[in-house]
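The values are calculated or read from the model by the stated rules, or taken from the named source; none is laboratory data. Everything quoted here is computed from the prediction, not taken from an experiment. Here the Cβ is made from the backbone with ideal geometry for all residues, glycine too, and neighbour counts use every protein chain on show.
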Amino acid sequence: MTTWKKWRLFLTLLLSLTVFGAAVPAVDAESSAQVQEVRQLLKDYHISKPDDALLSSDEIDTMVESLHDPYTEFFDEEEWGMFNSALEQTFVGIGIVMTEDSGVVYVQDVLPGGPAAAAGVLPGDAVVSADGKSLKGKTMIELQLSLRGLEGTVVVLGVSRGGKQLKFRITRQAVHFPTVTTRLLGNGVGYLALSGFTSDAASQFKKQLSELEKKGISSLLIDLRDNGGGYVTAAQEIAGLFVKEGVLAHMLDRDGMDEPLEVSGTVKPYPVVILVNGNSASASELLSGALQDYGVAKLAGTRPSVKVWCSRLSP
């Protein structure tokens, strides 16, 4: 199968057709034949000599754009791989999370055991250069691309720390950012941060929550700040840890048929507070909203708003 055929349409909430129980409609034979005829004529006679992959890609892009739907996108094989890696929080890079403040990009977090941590990069470092080239004025995506590369290659990262200019020679590696992190705060408060709704997010959440409960927590703080979402099934499973019986969300198809995402599980004997901000989107909004609606959690922070998933990409 050629690369251009390996494309996928992906919805923001990452719900596959199997969730809805929907079937893919058959393509009208006459329309398909017409499209194929036009494609062949352009391929055979157009002065630019377009190849079949380009024509097919352009055709798909045109179809998607004609929907005028910002939540439906076309991914080729390479883009799908990047998206899936981001969703599962697995990257080839140096192992840092970045944030931007007043036009300056800082290291927000350093992955323990990652290449950047081993080199001596610290949270709070201002990122200023890569391989001797200034990164001033670069967008977050451009900066991330400058720091990424093939596994085993080297990048020289320049940072500013306390007024001093420092450089670190870092070998890129495959890194996986932890989905769940926990710690005990004062007065029996358990803290659990969920960075994304990955395929194993629910199992990791349940495991780490159980460890906190064994330590005798009297309340729980769930941190969904900067969590851009992921698999809705993960949100369903996590909701089941707090809601005995209910519905995470109602999904209406184009015919108005309601497909409720049902939740069945347990309730907790301790109060729960969920931290959210403007980057808490998609599955984060579903989970936090449902737990609030069922009266098992209170929300704190800034109002969530829909953000592009790539804002969580990290080198």
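So that you can scan it fast, the table gives a plain yes or no per residue for (1) surrounded by 15 or more Cβ atoms within 10 Å (Cβ to Cβ); (2) over 27 Å from residue 231 (Cα atoms); (3) not assigned by TED's automatic domain parsing to the domain that holds residue 199:
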| site | (1), (2), (3) |
| --- | --- |
| 79 | no, no, yes |
| 98 | yes, no, yes |
| 108 | yes, no, yes |
| 119 | yes, yes, yes |
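Find all pairs meeting these conditions: Cβ atoms under 7 angstrom apart; at least six residues apart or on different chains; first residue within segment 132-149 and assigned by TED's automatic domain parsing to the domain that holds residue 165 and part of a loop (DSSP other than H, G, I, E, B); second residue of a type in the set (D, E, K, R) and surrounded by 11 or more Cβ atoms within 10 Å (Cβ to Cβ).
149/172
Return the pairs, sorted by first residue and then second, in which the second residue is assigned to a helix (DSSP H, G or I) and of a type in the set (D, E, K, R), the first residue lies in segment 230-255 and is modelled with pLDDT of 90 or more, the beta carbons are less than 8 Å apart, and the residues are 6+ apart or on different chains.
So the pair list comes out as 237/206; 238/206; 241/206.
Restricting attention to segment 245-264, report how many residues are in a loop (DSSP other than H, G, I, E, B) and either aliphatic (A, V, I, L, M) or touching a Phe, Trp or Tyr at 6+ places or on another chain (Cβ under 7 Å) (or both).
2
Within segment 206-244, can you find the residues that are within 19 Å of residue 298 (Cβ to Cβ), outside any loop (DSSP other than H, G, I, E, B) and either under 20 Å from the mean Cα position of the chain (by Cα) or aromatic (Phe, Trp, Tyr) (or both)?
222, 223, 235, 238, 239
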